[in-house]
Amino acid sequence: MGLQPLEFSDCYLDSPWFRERIRAHEVELEKTNKFIKELLKDGKNLISATKNLSAAQRKFAHSLRDFKFEFIGDAETDDERCIDASLHEFSNFLKNLEEQREIMALSVTETLIKPLERFRKEQLGAVKDEKKKFDKETEKNYSLLDKHLNMSSKKKESQLQEADNQVEQNRKHFYELSLEYVCKLQEIQERKKFEFVEPMLSFFQGMFTFYHQGYELAKDFNHYKMALQINIQNVRPAPFGSSWAKHYCMYRKETKKLTMIPFEHRSGGKIGDVEILLLKYCMKRNTDTTDRRFCFDVETMDRTGIPMILQAFSEEDRKQWMETLDGKEFSTLIYVYPVVDTSFHSLIGINDQGLYRVVGVSSKVQRLLSLLMDVKTCNEVDLENSVDWEVKTITSTMKQYLRSLPEPLMTHALHGEFIIPAKSGSPESRVNAIHFLVHKLPEKNKEMLDILVKHLTNVSNHAKKNLMTVANLGVVFGPTLMRPQEETVAALMDLKFQNIVVEILIENHEKIFRTLPDATFPEPISMSISPPNVPPRQSRRQGPRNKRPIAVYNLCLELDDVDNPSSPKEGTPTGSMDSLSSQSPPPAISSSPPATDKNHLNADSGDLVDWAANHIVNRKARAVYPCEAEHSSELSFFIGAVFDDVHFSREPGWLEGTLNGRRGLIPQNYVQFL
């Protein structure tokens, strides 16, 4: 049973039971105070240990950076040079990781230690002061009462009357202090819940952010790791992280069973352990991903998600294996797409809650996708009347197909141009820019996008039942329809802008796909230092919007790492007849900062750095629009707020500055430089 409530009326009775309940509350607060004291001690030890770990990691990284392999002879191969440089890359990876850990350690102090210390000092300390006053007044009240009761009745009436008045006044004062103390006890018992839990929530959010950033760093590092494995494989026959073994293989097509027997011609006829696997799919191996010839990938039901690389004796032998295993050429699997009718919405439960957010069973999705991709079986699949396919299986299959395209439906070439208007400009200018860009898509891509967006518009019209608002559909289909050619942390920052592009497509389907864009509309807008007329952080939406996914921002700025802002590609034909499968090369990117009256700056990185250093670094800026932070690394502010030490962040469209002693990210087009 919890603590008994302290009734205000009991202050006037001041019964033993009332005093007992007060004591129970005091004991609980003493326990809370002791717990917070121990927690603060442990938290400071955690920060100290984190800093010690970070220092050790940095020292280790420093040692890696300073070491250099010596080679034999007067030159190295490219592979050897890459291996030699790997220690420096490992060092940089650790350095970047420790920068994030350092930010996390600082955030622990700000989000956990200081709030708890403040609560313990200001709130629990205030209760202690109130208790001292209450105890002192209690002693005074009862001492006076004892003295009063011991007064002789033979005293003069005036003296007795004066004593009675004094006791009454003191009793009233005692009641007032008692009421204040009880109120404070009740208040602190309620406040301690959120005063303690909120800092803990911020602490764990900082922890999750750190681990997420570590994951993103590892994902970025994965490309380098794979290339390094190939370098090592070229220098040394034995591959790094994998091994080759000879097997005698047999396959029974009717049962889809692949039998693999370890084989070594020197074994003297001894047979190793036989392994029988159930085939899931077979695909020709891309020659860019291995240095061996005649390879193909096989995935089995026993090892889902872990394909095996098999090597045939010759190209002819591989062709025979591919035919026997019903293997797919890389292009065949990806480039062929199923016919999607404009009445597609009639095939699915349009009112099912979480439509497109609820995922289907992976094995069923893969099976349906395989049937639809196979020209022999695609016409036999009945999605509308068959009980074999759940709604979530159908929707997940469509998303899986779109994600498996060699380049996204909205193409790599136009990815950056689609993102730019989502970051800046008025709602009208955004729609006009997206309208213009959609008609620059290859014709087949545009047709399929039209069919899909029309369907999504219909889905959003049933949002009251299926809960899939335009914003929710943007979250689901943003990464599905748009995908950067290279996945980086900076690209992760554009996820929410991809969602906004899809929202604009759904909200303006008729205009974008049923009318031609304005022939006089310029190439899509580029980011500008001066703010637009309307803040660009929100798009026009229908219905409530869920919170955007938490993005991870890097607050570090190094001038020699300033990214060149991208400008749209010029001369891209409207309504191209390229197929969905065509791989367009990324547009050439060139840009330069605004020219001054005296001279014009070139677009190379050196000039951009000089320009940034001369015109942006350490400047002040004033907010021209109010902003509420959507992430802990962003700043919230009102119109007129003045920021110090403002300069460009490495995140496109963001500045970094200081407000009221706190440093964070600021939307670039929400401020004007002073």
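The values are calculated or read from the model by the stated rules, or taken from the named source; none is laboratory data. A quick note: this is a predicted structure, and the numbers were derived from the prediction, not measured. Every residue, glycine among them, receives a Cβ derived from its backbone with ideal geometry; neighbour counts consider all protein chains shown. Remember, those area values only see protein heavy atoms, side chains included, never the ligands or the DNA or RNA. Shrake-Rupley method; radii C 1.70, N 1.55, O 1.52, S 1.80 Å.
Overview of results
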| item | result |
| --- | --- |
| Within segment 413-526, helices (runs of 4 or more DSSP H) holding 1 or more residues that are of a type in the set (D, E) | 415-423, 427-438, 443-461, 495-507, 509-514 |
| Tally, over segment 373-385, of residues that are part of a loop (DSSP other than H, G, I, E, B) and either within 38 Å of the chain's Cα centre (by Cα) or surrounded by 10 or more Cβ atoms within 10 Å (Cβ to Cβ) (or both) | 6 |
| In segment 263-283, residue nearest to the chain's Cα centre (by Cα) [restricted to those that are of a type in the set (D, E, K, R) and at pLDDT 70 or above] | K280 |
| Meets criteria (within 18 Å of K131 (Cα to Cα), assigned to a helix (DSSP H, G or I) and under 42 Å from the mean Cα position of the chain (by Cα)) for E20 | no |
| Unmet criterion (only one of (1) open to solvent by less than 20 Å² (accessible area, probe 1.4 Å); (2) touching a Pro at 6+ places or on another chain (Cβ under 9 Å)) for G474 | (2) |
| Residue tally, condition in contact (Cβ under 8 Å) with a residue 60 or more places away in the chain, surrounded by fewer than 18 Cβ atoms within 10 Å (Cβ to Cβ) and within 18 Å of T138 (Cβ to Cβ), over segment 19-35 | 1 |
| Pick from segment 54-85, criterion at pLDDT 85 or above and open to solvent by less than 80 Å² (accessible area, probe 1.4 Å), ranking: farthest from the chain's Cα centre (by Cα) | S63 |
| Segment 204-225, residues that are more than 30 Å from I113 (Cβ to Cβ) and hydroxyl-bearing (S, T, Y) | Y224 |
| Hits in segment 391-404 - residues which are open to solvent by less than 30 Å² (accessible area, probe 1.4 Å), under 17 Å from Q498 (Cβ atoms) and out of contact with any Leu (no Cβ under 7 Å at 6 or more places or on another chain) | K399 |
| Check on E137, closer than 18 Å to F8 by Cβ, open to solvent by less than 40 Å² (accessible area, probe 1.4 Å) and among the acidic types (D, E) | yes |
| Selection within segment 653-674 - part of a loop (DSSP other than H, G, I, E, B) and crowded, with 20+ Cβ neighbours inside 10 Å | G653 |
| Filter result (at pLDDT 50 or above, closer than 16 Å to V476 by Cα and open to solvent by 20 Å² or more (accessible area, probe 1.4 Å)) within segment 498-546 | E507 |
